[in-house]
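Undergrad: First, the structure itself, so that you have it in front of you.
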Amino acid sequence: MIQPMAHIGRPELRTMPGAAPAKFQVDSLSFFYGKTQALKDITFQIPEKRITAIIGPSGCGKTTLLRVFNRMYDLVPDARAKGSVVLDGEDILTTTKLLLLRQKVGMVFQRPSPFPMSIRDNVAFAPRLLGWKSTKISEIVQQSLERAALWDEVSDRLDAPATSLSGGQQQRLVIARCLAVSPDVILMDEPCSALDPVATLKIEDLMVQLAHDYTIVIVTHNMQQAARVSDFTAFMLMNTDHRYGELIEFAPTADLFNQPQDSRTEAYITGRFG
Amino acid sequence: MRRSVAASVDKVAGPPAAFPKPPDRYRTFTALVSWAAPASLILIVAVLILQARPAITRFGLNFLIGTEWNPVTLNFGALPAIFGTVVTSAIAIAIALPVGIAVAVVLAEPGARGIRAAMGIGIELLAAIPSVVYGIWALYVLAPWALLHLEIPITEHLGFIGFLSGPPGQSSLFTASLVLAIMILPTLTAVSRDVIRAVPRGLRESTVALGATWWETVWHVILPAARAGIFGATILAVGRALAETIAVTMVIGNRFEIPHSIFSPAYTLASVIANEFNEATGDIYPAALVELGLVLILVTLTVNVVALLLVRSAQARVTI
């Protein structure tokens, strides 16, 4: 079902994880919501300035795993994580510099979530909170919108409400808003699931562009999307006995789709379940 | 480009025909019932105008600006009561709004699951207390407490500001406002809480994900997103405050004049009617009281219309 994909994406980058330095080192990570275990013993490394896709059927813990990387789970009462996730030499599970972490690790959500304010104010939001100078901020607004491939479409109406944009434009605005504080990492939680195919392709192009400067981790339930854009793919599955999510296989995308090592990976990508 | 395609399609297909409406008893019935609400409003106003006619013809517009209320000389003007009604409600909102929103924000927190039920019920039960009970409590507990701990200190230290000057008294515009503030708090809090909880989770999460603190998230994103709803809650609360009768009557002091200080006794439209309607005899006196009722409706209506316009302009304006 899945075609060999040596010709798509950035095949020249699809080497083993060891070739690129690791941005996140995830080591025996387990995760709990109250007494319910959601993730068990996840160990892998997310390479720097590459696109890493996390795929798997619903309920396998993809989103939970993604939300560990910027400590979004802090918003959920009773959620806790064990193990370690090291980013630039610091364990983010125990760090107290949450605001700094979230500046460094931006996040784009499933539904476009523009703030109820103008396009300009959306992008300038985080820089203003940081108290940056207004001359610098207007520069940043333009740069971020350009990087998110949105500047040409909105440069003449920066003061229009962000909600007047189309869904795809809103999602690129959210990406620009992330870029405004110069993060290292961008986490994307099914960023295209609310978008039409054309808008989806634009976001995918953008992701490939951004991967030259940023580490991107994307959760997707769309295997074709993972195959199209990502350099590495992690396949997760829910353990049917204990109902927690496990990492089954992590490999360069082309390898994972063409020569899956685990029979469960093969069953999933050939569409036998999920 | 797109428009011309649509136009040519229209030419071929023609405008879509309206659905024929079959005679439908359900539709007729619901239409009748839904017209009953506006119809009763109109009827009430009509009856009030009829009843107030002697006063309306005698005083004309002077009724609205007159400051004397004299049943002996039959000279009636409503201005002090209008003033009392508007000012007590305004002060009540000024006190209750920050408190109500703060409580609502806390109750809407995802982490507040434990206290949400208990505190929510507590707040909503405040709305179940009859206003006459509020009045008694205010008379025996709140008024003496406010006199000692608020009015006396404020008049001593800030008395040089005209409307905060003494002498303080238990029955005053301020005490009435305080009771009103407590009475409108449940509406304000419960509605604001629901509105804030309805703010899409994605907005909160995206703000936090940008490295915003809890306070920045609430202040810059959640509250602006809930603004229209909180405004609606405020309007509901103002409506209640303007019309509240018995609790206010019991603590406001019932003096028919525009007070120079908020710590002086005053009067409101509703409490004048409640106090004097039993004793009003003759032609003009009861008519004047009914006209006060009309004025009260007018004030409420004006506040609602102004609020509606404010909401529209707030929605048109989009800033942080």
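Undergrad: Quick one: go through the range B:208-245 and flag any residue whose amide nitrogen is under 20 Å from the point 7 Å out along the Cα-to-Cβ line of B:Asn304.
TA: B:228-245
Undergrad: Is the range A:21-62 best put as rounded, prolate or oblate by its Cα gyration tensor, with a ≥ b ≥ c the root eigenvalues, rounded for a/c under 1.5, and otherwise prolate when a/b is larger than b/c, oblate when not?
TA: oblate
Undergrad: Based solely on its DSSP helices, what 222 nm [θ] is calculated for chain B when runs of n ≥ 4 H residues each add -39,500 (n - 2.57) and the sum is averaged over all residues, nearest 500 deg cm²/dmol?
TA: Helix contribution divided over all residues of chain B: -22000 deg cm²/dmol.
Undergrad: Would you work out which of B:Ala127, B:Gly253, B:Ala266 lies farthest towards the positive end of the dipole of the range B:49-319? Charges go on Cβ: Lys and Arg +1, Asp and Glu -1.
TA: B:Ala127
Undergrad: Same structure, new question: Set the Förster distance to 51 Å, then compute FRET efficiency between B:His149 and A:Ser182 from the Cβ-Cβ distance, nearest 0.05.
TA: 0.45
Undergrad: If a helix is a whole DSSP H run, which ones in chain B reach 30 Å or further along their own axis (Cα) and hold a mean Kyte-Doolittle hydropathy of at least 1.6?
TA: Helices passing the filter in chain B: B:79-108, B:284-316.
Undergrad: Take the alpha carbon gyration tensor of the range A:68-108, find the square roots of its eigenvalues, order them as a ≥ b ≥ c, and report rounded if a/c is under 1.5; if not, report prolate when a/b exceeds b/c, else oblate.
TA: On the way: a/c = 1.79, a/b = 1.13, b/c = 1.58.
Note, shape of the range A:68-108 comes out oblate.
Undergrad: Here is a follow-up. For chain A, how big is the tail of P(r) above 36 Å, as a whole percent of Cα pairs?
TA: I get 13 percent for the Cα pairs in chain A exceeding 36 Å.
Undergrad: Less than 12 Å from a label point 7 Å out along the Cα-to-Cβ axis of A:Tyr33: which backbone N atoms in the range A:79-111 qualify, by residue?
TA: A:79-80
Undergrad: List the residues of the range A:91-121 whose backbone N lies under 20 Å from a point placed 7 Å from the Cα of A:Arg80 along the Cα-to-Cβ direction.
TA: Residues passing the 20 Å test: A:91-98.
Undergrad: In deg cm²/dmol, rounded to 500, what helix-only [θ] at 222 nm does chain A give when every DSSP H run of at least 4 residues adds -39500 (n - 2.57) and the total is split over its residues?
TA: -9500 deg cm²/dmol
Undergrad: Can you compute the radius of gyration and Dmax for the protein assembly as shown, using only the Cα atoms, both in Å?
TA: 32.4, 103
Undergrad: Further question: If you stretched the chain out fully between B:Val132 and B:Glu68, how much longer would it get, using 0.36 nm times the residue separation minus the C-alpha to C-alpha distance?
TA: Extra length available between B:Val132 and B:Glu68 comes to 20.2 nm.
Undergrad: Taking the beta-carbon count within 10 Å as an exposure proxy, list A:Val217, B:Val303 from fewest neighbours to most.
TA: By the 10 Å Cβ count, ascending, the order reads B:Val303, A:Val217.
Undergrad: Just want the ordering: A:Asp156, A:Asp78, A:Asp121, from fewest to most Cβ atoms lying within 10 Å of their own Cβ.
TA: If I rank by nearby Cβ atoms, fewest first, I get A:Asp156, A:Asp78, A:Asp121.
Undergrad: Something else now. For the protein assembly as shown, give me the percentage of DSSP beta bridges that are antiparallel, rounded to the nearest 5 percent.
TA: Antiparallel bridges: around 60 percent, rounded to the nearest 5.
Undergrad: Taking only the alpha-carbon positions of the range B:111-218 and ignoring solvent, what does the Debye formula give for the base-10 log of I(q)/I(0) at q = 0.13, 0.17, 0.19, 0.23 Å⁻¹?
TA: Calculated log10 I(q)/I(0) at the listed q: -0.73, -0.89, -0.96, -1.16.
Undergrad: Which order results if B:Phe83, B:Phe174, B:Phe76 are arranged by neighbouring Cβ count within 10 Å, fewest first? Spell out each step's value before the answer.
TA: On the way: B:Phe83 19, B:Phe174 29, B:Phe76 24.
Ordered from fewest to most neighbouring Cβ atoms within 10 Å, B:Phe83, B:Phe174, B:Phe76 come out as B:Phe83, B:Phe76, B:Phe174.
Undergrad: With a cut-off of 8 Å between alpha carbons and a minimum separation of six or more residues, what is the relative contact order of chain B in percent?
TA: 26
Undergrad: List the pairs from A:Lys62/A:Lys82; A:Lys35/A:Lys97; A:Lys40/A:Lys62; A:Lys40/A:Lys104; A:Lys23/A:Lys62; A:Lys23/A:Lys97 whose alpha-carbon separation is above 22 Å, in the order I gave them.
TA: Where the Cα-Cα span goes over 22 Å, the pairs concerned are A:Lys35/A:Lys97; A:Lys40/A:Lys104.
Undergrad: Also, I was wondering about something else. Between A:Asn222 and B:Trp35, how many nm apart are label points set 7 Å from Cα along the C-beta direction?
TA: So the two model labels end up 5.2 nm from each other.
Undergrad: Using +1 at the Cβ of each Lys and Arg and -1 at the Cβ of each Asp and Glu in the protein assembly as shown, identify which of A:Gln209, B:Ala287, B:Ser89 lies farthest towards the dipole's positive end.
TA: Of the listed residues, the answer is A:Gln209.
Undergrad: Rounded, prolate or oblate: pick one for the range B:236-320, where a ≥ b ≥ c are the square roots of the eigenvalues of its C-alpha gyration tensor, a/c under 1.5 means rounded, and failing that, prolate if a/b is larger than b/c, else oblate.
TA: prolate
Undergrad: How much FRET efficiency would the formula 1/(1 + (r/R0)^6) give for A:Leu130 and B:Ala94, where r is the Cβ-Cβ distance and R0 is 41 Å, rounded to 0.05?
TA: Values: r = 33 Å, r/R0 = 0.81.
Calculated value: 0.75.
Undergrad: Something else: Tell me, Kirkwood radius of the range B:144-285 from alpha-carbon pair distances, in Å?
TA: After inverting the mean inverse Cα-Cα distance, the result is 18.1 Å.
Undergrad: How many Å³ per residue does the convex hull of the Cα positions in chain B occupy?
TA: Convex hull volume per residue, Cα atoms: 253 Å³.
Undergrad: Further question: Starting from the Cα of A:Lys202, draw a straight line to each of the aspartates and glutamates and keep only those under 15 Å, dropping any in the same chain fewer than 8 residues away.
TA: Leaving aside aspartates and glutamates fewer than 8 places away in the same chain, those within reach of A:Lys202 are A:Glu146, A:Asp152, A:Glu153, A:Glu190.
Readers should treat all values here as calculations from the given coordinates under stated rules, not as data from a laboratory. Everything quoted here is computed from the prediction, not taken from an experiment. Please note: Cβ atoms are built from the backbone with ideal geometry, for glycine as well, and neighbour counts cover all protein chains shown.
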